[in-house]
Each structure stands twice: as C-alpha cells, then as structure tokens.
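Enquirer: Quick one: this structure, given as structure tokens, is what I'll be asking you about.
Nothing in this text is a laboratory measurement; each read-out follows from the coordinates by a stated rule. Computed from a predicted structure; not experimentally measured. For neighbour counting, all protein chains shown are included, and Cβ atoms are generated from backbone atoms with ideal geometry for every residue, glycine included.
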Amino acid sequence: MFTGIIKAMGEITAIDRRGGDVRLTVRSSGLPWADYEPGESISVNGVCLTAIALHDDGFDTDVSVETLDVTGLGGLSIGSPVNLEPAISLGERLGGHLVSGHVDCTGTVVSRAADARSIRLAIEIPEEFSRYVAKKGSVCVDGVSLTINEVSGNGFESNIIPHTADVTIIGGYTVGTVVNIEVDLLARYIERLIGKDDGDISIDFLKAHGYA
C-alpha cells in the first residue's frame with residue numbers, strides 16, 4: 001500500500017525489452033536505497049512494481065505485459081522522469097489517501113492553466129471510470145494523491161500547488177500527456193456493496209451511516 005505522497009523523483013536509465021515484457025532501471029538520489037531489499041514494492045508513476053535488484057542509486061524492475069497494457073509505463077523512454085514512493089510501513093503518517101498501486105486506466109491531460117501560483121489541470125478518463133470520481137474526492141494521478149476540484153463529463157479538474165509541481169513530474173505535464181489513474185478504493189467498494197442482491201446495502205443505507 002502507498003499514500004500518494006511522492007518521496008522522490010527518478011529517471012529511467014535503461015529499458016530492456018524481453019519477449020513482450022520490459023525490464024526497467026530506475027535511478028534516483030532521493031531515496032535511501034541501502035535500506036531496501038530485493039522484493040520491495042515501489043510505486044513508479046502510481047504503478048506498484050517489485051524491485052528485483054537494487055543499486056546504490058536505484059533499482060531494476062520487471063513490467064509485465066498486462067501492466068504495460070493498462071498503464072502508461074510502455075510509453076516511457078530513457079531519460080523519462082518518474083514519481084517514486086516506497087510502500088508504507090505500519091505507523092507511518094498517512095498524508096494522502098490509501099493507494100494500492102493497481103492502476104485502473106490511463107487518462108489524458110486536456111488542459112493546463114495558471115491559477116494564481118498553482119496549476120489547474122483537466123484530465124479526461126475513460127467513460128467507464130468516470131463514475132468513480134466525485135467533487136472533493138480523491139484520485140491518484142501518476143502516483144500522486146490529488147483532490148478533485150470539479151467533475152465534468154468524463155473528466156475532472158485538480159489544483160496543483162507549487163510544492164507538488166516542484167517535487168513530482170506533474171510540473172512537466174502538457175496538453176496530451178498520458179497519465180496513470182487509480183480511482184479511490186472506497187468508491188469501488190461502495191459500488192460493489194450497492195450491487196449486491198441481498199438488499200442489505202442501498203444508497204439510503206449509505207447515507208444514513210455517513211458514507212454517501
């Protein structure tokens with residue numbers, strides 16, 4: 001599990017294509033790599049990946065065909081910047097929201113505008129995932145926990161404060177940038193509960209207990 005609070009930015013320094021899947025090498029000076037071991041889970045642009053080998057300044061990881069199909073990792077090239085977050089430990093501050101690292105879909109930046117010192121981003125996502133986003137709800141974009149400011153059609157808008165723009169790859173987004181999207185876990189579980197046929201869970205039930 002992750003929090004969506006990025007700990008460091010890194011860079012792709014090697015891409016080894018192996019019969020359909022890919023081995024990536026990620027380098028970063030922003031994490032204490034000596035503290036980690038092979039098998040650690042590390043979020044790369046919001047995708048939970050396993051470190052198969054560690055270096056003094058980074059790690060190697062294998063990316064499966066399925067992960068390449070449902071995320072934007074296949075579009076990375078040597079030199080691409082990436083957001084990094086190691087898995088949380090018990091007792092760690094949960095600064096963002098609970099993030100699994102299991103990306104639901106990709107989205108596309110459709111507009112970027114200055115909003116005082118912040119950046120206002122509009123991101124469009126596939127229609128089947130738009131029901132999971134709600135105003136003032138949470139969404140994970142390339143591993144970054146963001147608050148949804150507005151929802152319209154198949155997209156949403158988020159306000160990116162200067163700090164987030166400075167310490168993540170979001171500061172480099174332009175119109176057309178493809179991003180990894182993970183919707184809020186709670187939204188998916190609520191949908192699952194409402195969809196049950198036993199009649200115990202309903203919109204009225206959720207409202208009465210403060211969930212809707």
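Enquirer: For the chain, modelled as a Gaussian network with Cα springs under 10 Å, which listed residue fluctuates most, Ile78, Ile160, Ile148?
Expert: Ile78
Enquirer: Binning at 10 angstrom from zero up to the longest distance, how are the C-alpha pair distances of the chain distributed in percent?
Expert: For the chain, the binned pair fractions read 8, 33, 34, 19, 6, 0 percent.
Enquirer: At 7 Å along Cα-to-Cβ for each site, give me the label-to-label distance between Glu66 and Glu127 in nm.
Expert: So the two model labels end up 2.7 nm from each other.
Enquirer: Select from Ala14, Ala53, Ala34 the residue whose mean-square fluctuation is largest in a Gaussian network model of the chain (Cα-Cα springs shorter than 10 Å).
Expert: Result: Ala34 has the largest fluctuation of those listed.
Enquirer: A further question on this structure: For region 22-128, take N as its residue count and report Rg(C-alpha) divided by 2.2 N^0.38 Å. Numbers along the way, then the final one.
Expert: Values: Rg = 15.6 Å, N = 107, 2.2 N^0.38 = 13.0 Å.
For region 22-128, the normalised Cα radius of gyration comes out at 1.20.
Enquirer: On a 0 to 90° scale, report how tilted helix 185-194 is relative to the longest principal axis of the chain, with both axes built from alpha carbons and the result rounded to the nearest 10.
Expert: 40
Enquirer: Here is a follow-up. Measure of size requested: the Rg and Dmax of region 31-84, with Cα atoms as the atom set and Å as the unit; please supply both.
Expert: 11.3, 32
Enquirer: Also: Under 8 Å for C-alpha pairs, at least 6 residues apart: give me the relative contact order for region 1-143, rounded to a whole percent.
Expert: 30
Enquirer: Still on this structure, I have one more. Treating each Cα of region 105-190 as an identical point scatterer and ignoring solvent, apply the Debye formula and state log10 I(q)/I(0) at q = 0.14 Å⁻¹.
Expert: Results for region 105-190 at q = 0.14 Å⁻¹ read -0.41.
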